[in-house]
Amino acid sequence: MEEAAHHPETPDPDPAGEVVELCRDLLRIDTSNYGDDSGPGERKAAEHVAALLHEVGIDCTVTESSPGRTSLIAQWGGAADRDALLIHGHLDVVPAAAEDWQIDPFSGEVVDGYLWGRGAVDMKDFDAMLLSVVRARTRAGRIPDRPIVLSFTADEEAGGHLGAQHLVENHADELAHCSEAVGEVGGFSTTVRGQRLYLIEAAEKGMAWLRLTARGRAGHGSMINDDNAITRLATAVARIGTHEWPVRLTPAMQTLLASVAELAGTEATPENADQLIDEFGSAARMLGAVIRNTCNPTMLGGGYKVNVIPTEATAHVDGRFLPGYEDEFFATLAQLCGDDIEIDPVSHQQPWQSDFGTPLVEAMTRSLLAEDPDALVAPFLMSGGTDAKHFRKLGMSSYGFTPLRLPADLDFTALFHGVNERVPVDALTFGARVFDRFLDEV
Ligand SMILES: [Zn+2]
């Protein structure tokens with residue numbers, strides 16, 4: 001009895017009780033991913049997470065794709081006779097140039113109601129919410145009946161090859177019973193005409209990184225040359241860069257724009273889609289890119305001396321295509337390039353989309369509305385890719401659901417990979433409470 005008095009057990013710990021502290025501690029572990037294996041790796045963060053899970057009695061598999069590139073998987077939840085739910089977060093962050101920041105990006109300080117640090121929104125916020133909720137529920141014996149797999153991955157910021165892909169290829173047996181997956185990027189609020197609207201990620205664009213090569217006749221820079229590789233390449237690159245890709249509304253964006261159109265007292269059509277997207281303010285930068293294919297020239301190369309016309313010139317372009325519009329993307333690109341430009345793949349990823357009318361999405365919606373009753377919830381399509389693209393290869397339906405209630409004037413999308421990345425402290429505790437409710441219903 002004496003012993004118990006010294007170590008009082010809280011009968012029902014607050015699911016959001018530890019979230020700020022857990023997030024701060026994760027932010028202080030530098031997991032910068034430079035994309036070339038030169039960073040510190042994720043081992044320290046993974047071991048930290050494993051210890052936090054172990055402390056409440058959850059065992060994990062800790063695995064490395066290469067030295068220091070560490071991910072972990074834990075089996076949680078009950079033994080109900082049904083498919084499991086995968087909940088995943090990545091441990092790595094993009095690098096931060098400290099001199100550009102107001103606060104040391106790895107200090108994890110709370111200033112003006114925000115927790116600052118690289119990874120505060122991408123995505124140590126969700127890692128911390130998940131850990132806080134799982135630890136509180138486990139301590140209180142509130143473990144969901146549904147089998148749940150928890151996964152914390154390395155390398156998401158460089159394509160996930162050393163993280164999620166490694167898990168899918170080498171630990172498929174620990175994931176095989178999962179039919180649905182929840183991770184980043186979604187569940188955050190935007191504000192349209194004073195109305196809070198939570199966006200759940202239900203689709204992602206595909207990616208086509210391509211190298212363009214023009215070949216011509218080398219020669220002296222002082223002479224006539226009508227077969228100049230640089231001129232031909234530059235013309236193609238300019239055509240690609242200025243091309244206006246037509247609006248194409250996929251199911252997720254149709255549903256989202258219908259909600260916005262209702263607020264604006266109109267109906268969503270491809271013609272007014274850009275106008276409706278503008279209603280999102282700063283989030284329009286990202287959302288404007290998901291109602292059309294896009295292709296941005298990003299690198300140029302060619303030549304070695306000012307008076308020499310080179311044989312060859314190259315460019316790289318970053319193409320992103322909507323689910324169902326890959327053929328149109330490549331046909332258009334070929335046209336824009338013209339005949340004499342060679343197009344070679346550098347990296348290619350498939351787009352995906354999940355159903356929005358599922359019980360799991362209804363559970364997300366109900367849990368958000370329980371904490372923010374006047375809000376709206378809608379799906380969206382993400383411009384970039386996440387670990388979801390790897391887990392989907394095992395047949396899971398994927399969603400991005402990291403609930404955050406954000407101030408209307410916060411330029412949230414600019415914080416992803418941006419300077420002064422930070423998350424409102426009350427958004428973290430809100431997110432943990434919503435995620436706790438969500439787990440009641442999965
Ligand atoms: Zn991320």
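The values are calculated or read from the model by the stated rules, or taken from the named source; none is laboratory data. Quick caveat, the model's predicted, so the values are computed rather than measured. Please note: Cβ atoms are built from the backbone with ideal geometry, for glycine as well, and neighbour counts cover all protein chains shown.
Does ALA289 satisfy the criteria of being farther than 20 Å from ALA334 by Cα, touching a Lys or Arg at 6+ places or on another chain (Cβ under 8 Å) and surrounded by 15 or more Cβ atoms within 10 Å (Cβ to Cβ)?
Spelling it out, ALA289 is indeed farther than 20 Å from ALA334 by Cα, touching a Lys or Arg at 6+ places or on another chain (Cβ under 8 Å) and surrounded by 15 or more Cβ atoms within 10 Å (Cβ to Cβ).
Out of the residues in segment 369-403 that are more than 14 Å from the chain's Cα centre (by Cα) and part of a strand (DSSP E or B), which is farthest from PHE356 (Cα to Cα)?
Here the residue is LEU376.
Considering segment 184-239 alone, what residues qualify as being outside any strand (DSSP E or B), within 21 Å of the chain's Cα centre (by Cα) and acidic (Asp, Glu)?
Answer for segment 184-239, where residues must be outside any strand (DSSP E or B), within 21 Å of the chain's Cα centre (by Cα) and acidic (Asp, Glu): just GLU184.
Residues that are crowded, with 19+ Cβ neighbours inside 10 Å and either among the aromatic types (Phe, Trp, Tyr) or under 28 Å from GLY265 (Cβ atoms) (or both): does segment 329-349 have at least one?
Within segment 329-349, one or more residues are crowded, with 19+ Cβ neighbours inside 10 Å and either among the aromatic types (Phe, Trp, Tyr) or under 28 Å from GLY265 (Cβ atoms) (or both).
Condition check ((1) away from the ligand (no atom under 16 Å from the Cβ); (2) of a type outside the set (A, V, I, L, M, F, W, C); (3) crowded, with 23+ Cβ neighbours inside 10 Å; (4) outside any helix (DSSP H, G or I)) across all residues:
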position	(1), (2), (3), (4)
GLY68	yes, yes, no, yes
ALA74	yes, no, no, yes
ILE87	no, no, yes, yes
PRO95	no, yes, no, yes
GLU99	yes, yes, no, no
ASP104	yes, yes, no, yes
SER132	yes, yes, yes, no
ASP145	yes, yes, no, yes
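Residues in segment 120-130: is at least one in a loop (DSSP other than H, G, I, E, B), within 16 Å of the ligand (Cβ to nearest atom) and of a type outside the set (A, V, I, L, M, F, W, C)?
Within segment 120-130 (the criterion being in a loop (DSSP other than H, G, I, E, B), within 16 Å of the ligand (Cβ to nearest atom) and of a type outside the set (A, V, I, L, M, F, W, C)), the answer is yes, since at least one residue qualifies.
Of everything in segment 404-421 that's within 13 Å of the ligand (Cβ to nearest atom) and in a helix (DSSP H, G or I), which residue is surrounded by the most Cβ atoms within 10 Å (Cβ to Cβ)?
Going through the qualifying residues, I end up with THR413.
From ALA236, ALA172, ALA181, ALA229, which residue is out of contact with any strand residue (DSSP E or B) (no Cβ under 8 Å at 6 or more places or on another chain), modelled with pLDDT of 95 or more and among the small types (Gly, Ala, Ser)?
The match here is ALA172.
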